[in-house]
Amino acid sequence: MITAEFIKKDSFLIGFKVSGHANFGEYGQDIVCASVSSAVQLVCNTITECFKVNAKVSVDEHNGISLKLMDTSMDNPCTTVIEGLRLHLEVLSKDFPKRINIKITMVSY
């Protein structure tokens, strides 16, 4: 199962970590994994390369990827981009039940 954990501060999403495998198809043929990977790459590249926003992006040894905005102010447009990713993954999780688990973690710093 793919796990997507979003980090929420106040009422804004300021980061996420996505990891795991959907196990919907064979390696290289899994459309759920491909859909999630493509969406995550789009969001990371939009935030860091198009908007040039300071964000910490990391990939771990299990192919998990995380992004955290360094500027967590309310007027940061990247919070909306991250919200778009959450919505996209929510739709995918409904289309492919038991393949994607979405969690939201509140922080107060």
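The values are calculated or read from the model by the stated rules, or taken from the named source; none is laboratory data. Values in this document were obtained by computation on a predicted structure and should not be read as measured data. All Cβ positions, even for glycine, are placed from backbone atoms using ideal geometry, and neighbour counts span all protein chains on display. For the accessible areas, the whole protein counts, side chains as well, though only heavy atoms, and no ligand, DNA or RNA atoms are used. Shrake-Rupley method; radii C 1.70, N 1.55, O 1.52, S 1.80 Å.
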For the chain, take the longest principal axis of its alpha carbons; what is the angle in degrees between that and the long axis of helix 31-45, to the nearest 10 within 0 to 90?
20 degrees
Given 52/94; 17/98; 9/98; 56/98; 8/94; 8/52, the pairs whose alpha carbons are separated by over 24 Å:
52/94; 9/98; 56/98
Can you give me the distance in nm between label points at residue 60 and residue 86, each placed 7 Å from the Cα along the Cα-to-Cβ direction?
2.1 nm
Quote the relative contact order of the chain in percent (integer), defining contacts as alpha-carbon pairs under 8 Å separated by 6+ residues.
41 percent
Protection-proxy order for peptides 54-63, 32-41, each taking the mean of Cβ atoms within 10 Å per residue, highest first:
32-41, 54-63
Of the heavy-atom accessible surface of the chain (probe 1.4 angstrom), what whole percent is carbon and sulfur?
54 percent
Contour minus Cα-Cα span, residue 21 to residue 95, at 0.36 nm per residue, comes to 25.1 nm
From the convex hull of the Cα coordinates of segment 22-92, what is the mean projected area in square nanometres?
5.2 nm²
On average, how much accessible surface per residue is there in the chain, in Å², for a 1.4 Å probe, leaving out ligands, DNA and RNA?
61 Å²
